[in-house]
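Colleague: Dumping the structure here so I can ask a few things about it.
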Amino acid sequence: MARADDTALFEAVRAADLRVAAIGWRLATANAALCDRTEAGIGLQLHTLDQFDSGRREAARAYFGFATPVAVEGVLVGGPAERAGLRADDSLVRIGSVRIAELPGRPGTTDRLVAAQLGIGALPPEARIEVDAIRAGTPIHLTLQPMRVCKSRFELDLDGGFDASADGAMVQIGSGFLDDYPDSQLAAVIAHEFAHNILHHRDRLEARGVDYGLLAGFGANVKYFRQTEVQADLLSVYLLANANYPARAGVAFWERFGPSKAGGILRSRSHPAWRDRVATLEAEAAKVETLSSRPLVPAVITERGRPLDGDWQSILIRHR
Ligand SMILES: [Zn+2]
């Protein structure tokens, strides 16, 4: 049996994972038209027994009922999985051609979870998907209709503090933000990181020979980093508006975060001063608020095939 403190922890982690997943899903569905890399979205947050450390694995198995190594941590409201009738704690046998038992996994890792996510994302976005699962010991069969969404994973980092990052395929956000900020402001942080991926910033920085590492943010690289930061801020306003979040959510976030927090990637030298970022976000939100059509597709999207030119000054608005 799971101890009471384990179950409280399990439910707290589930709630936090689902909060990040729901925001990511809302952004990834509403902005599909802005993404040149899309995939089959089913609106399912998965977890794997492998990811629990050995001290909690048996408690997790008992609590979540893992009849297979990958189970539904939660379904996203209004998504294909929910509409098809999948529920939290259903254990997955297969989703389309993705057979859970055949996925490689190791204890203490999320290998099998990532393999499942990638396999599901690679399914054809237009075709119906047959799902076999086990619910409370009983096999069930469902059919779901996926939708085309931006290709991106959204992940909570429980040890991540106030760090947020984007590696081209994934957005990762530290749990510190969840404790201190409401959903719309959390969405602003996630939208900024998501914007880096939509704009292929990592690839475009690498194409410029920019190195990620201790010296990132210094020397000749600064202008390229800053250009990507300002571009991500600008695009984030549109991503938020398209997903029906307040266009000014980023402004509200920075007005609270800027004065209070030191350190972390959001304050590194590669980033412009936060008051200038607020001024830039404000000006873009003011433009967006005059436009009623959705989705809005800003110029920075159509320019993403071009090499970075390092011009961040002309797109940053200075705080006065
Ligand atoms: Zn950034």
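Colleague: If I fit a long axis through the Cα atoms of helix 274-288 and take the longest principal axis of the Cα atoms of the chain, what angle between them do I get, 0 to 90°, rounded to 10?
Modeller: 80
Colleague: Over the chain, what is the mean sequence separation of C-alpha contacts under 8 Å (at least six apart), divided by residue count, expressed as relative contact order in percent?
Modeller: About 17 percent, as a whole number.
Colleague: Roughly what angle does helix 183-198 make with the longest principal axis of the chain, taking Cα atoms, 0 to 90 degrees, to the nearest 10?
Modeller: 80
Colleague: Please quote Rg/Rh for the range 1-82 to two decimal places, taking the Kirkwood radius as Rh and restricting both calculations to Cα atoms.
Modeller: Here Rg/Rh amounts to 1.06.
Colleague: Once you have a ≥ b ≥ c as the square roots of the Cα gyration tensor eigenvalues for the range 1-142, tell me rounded if a/c is under 1.5, and otherwise prolate or oblate according to whether a/b is larger than b/c. Display every interim value, and only then the final one.
Modeller: On the way: a/c = 1.72, a/b = 1.46, b/c = 1.18.
Cα axes put the range 1-142 in the prolate bin.
Colleague: Moving on. If packing is taken as the mean number of other Cβ atoms within 10 Å per residue, what is the order of 115-124, 71-80, 288-297, highest first?
Modeller: Result, highest mean Cβ count within 10 Å first: 71-80, 115-124, 288-297.
Colleague: Let me ask something else about it. Could you list the residues of the range 2-44 with an amide nitrogen less than 18 Å from a label point located 7 Å from the Cα of Ala62 in the Cα-to-C-beta direction?
Modeller: Counting only backbone N, you get 2-12.
Colleague: Which lysines have a Cα lying under 26 Å from the Cα of Lys223, excluding residues fewer than 8 positions away in the same chain?
Modeller: The reachable lysines, counting only those whose Cα sits under 26 Å from Lys223, are Lys261, Lys287.
Colleague: Apply the Karplus parameterisation 6.51 cos²θ - 1.76 cosθ + 1.60, with θ equal to phi minus 60°, to every residue of the range 159-170 and state each ³J(HN,Hα) to the nearest whole Hz, in sequence, with x for glycine and proline.
Modeller: 9, x, x, 10, 9, 9, 8, 9, 10, x, 10, 9
Colleague: Using Cα atoms only, what is the angle between the long axis of helix 4-30 and the major principal axis of the chain, expressed in degrees (0 to 90) to the nearest 10?
Modeller: Once rounded, one gets 50 degrees.
Colleague: Something else now. What per residue convex hull volume, in Å³, comes out for the range 104-232 when only alpha-carbon positions are used?
Modeller: So the per-residue hull volume is 182 Å³.
Colleague: Assuming 0.36 nm per residue, please report the length gained on full extension of the stretch Asp180 to Ala33 beyond their Cα-Cα distance.
Modeller: Here the segment from Asp180 to Ala33 would lengthen by 49.8 nm.
Colleague: Same structure again: At q = 0.15 Å⁻¹, what is the log10 ratio I(q)/I(0) for the range 153-302, with the Debye formula run over Cα points and no solvent?
Modeller: -0.75
Colleague: Scaled to the compact-protein estimate 2.2 N^0.38 Å, what is the alpha-carbon radius of gyration of the chain, rounded to two decimal places? Can you show the working numbers first?
Modeller: Values: Rg = 20.4 Å, N = 320, 2.2 N^0.38 = 19.7 Å.
Compactness ratio reported: 1.03.
Colleague: Using modelled backbone amide H atoms (1.01 Å from N, in-plane), which distant-in-sequence or interchain residues come within less than 5 Å of Ile317's amide H?
Modeller: Those lying under 5 Å, H to H, from Ile317 are Thr280.
Colleague: Just check the range 130-171 against the gyration tensor rule for me: Cα atoms, a ≥ b ≥ c as the square roots of the eigenvalues, rounded for a/c under 1.5, and otherwise prolate or oblate depending on whether a/b exceeds b/c.
Modeller: Note, shape of the range 130-171 comes out oblate.
Colleague: Can you give me the accessible area per residue for the range 153-302, using a 1.4 Å probe, in Å²?
Modeller: Result: 42 Å² of accessible area for each residue.
Colleague: Quick check on the chain: helices-only [θ] at 222 nm, where DSSP H runs of length 4 and up contribute -39,500 (n - 2.57) each and the sum goes over total residues. Nearest 500, please.
Modeller: One gets -13000 deg cm²/dmol as the mean residue ellipticity at 222 nm.
Colleague: Still on this structure, please answer the following. Contour minus end-to-end for Arg128 and Arg87, with contour as 0.36 nm per residue of separation and end-to-end as the Cα-Cα distance?
Modeller: Full extension of this stretch gives 12.9 nm more.
Colleague: I would also like to ask the following. Report the label-to-label distance for Ala4 and Asp111 in nanometres (one decimal), using points 7 Å from each Cα along the Cα→Cβ vector.
Modeller: 3.9
Colleague: What is the set of long-range amide H partners of Glu155 at a cut-off below 5 Å, with H atoms built 1.01 Å from backbone N?
Modeller: Val171, Gln172, Ile173
Colleague: Here's something else I'd like to know. Explain nothing, just compute: Karplus ³J(HN,Hα) = 6.51 cos²θ - 1.76 cosθ + 1.60, θ = phi - 60°, for every residue of the range 98-110 in order, whole Hz, x for Gly and Pro.
Modeller: So the Karplus estimates, Gly and Pro as x, are 8, 9, 4, 5, 8, 7, x, x, 10, x, x, 10, 9 Hz.
Colleague: While we're on this one: Pop out the carbon and sulfur fraction of the accessible area of the chain as a percent, whole number, probe 1.4 Å.
Modeller: Looking at the chain in its full context, I get 52 percent from C and S.
Colleague: May I pose another question? In whole Å, largest first, what are the principal axis extents of the Cα atoms in the range 36-93?
Modeller: That works out to 41, 27, 19 Å along the principal axes.
Colleague: Further question: Using packing as a proxy for protection, rank 230-238, 142-150, 25-33 so that the peptide with the highest average count of other Cβ atoms within 10 Å comes first.
Modeller: So the peptides 230-238, 142-150, 25-33, ranked by packing, come out 230-238, 25-33, 142-150.
The values are calculated or read from the model by the stated rules, or taken from the named source; none is laboratory data. Small disclaimer: the values here were computed from a predicted structure and weren't measured. For neighbour counting, all protein chains shown are included, and Cβ atoms are generated from backbone atoms with ideal geometry for every residue, glycine included. Just so you know, the surface numbers come from the protein's heavy atoms only, side chains and all, with ligands and any DNA or RNA stripped out. Shrake-Rupley method; radii C 1.70, N 1.55, O 1.52, S 1.80 Å.
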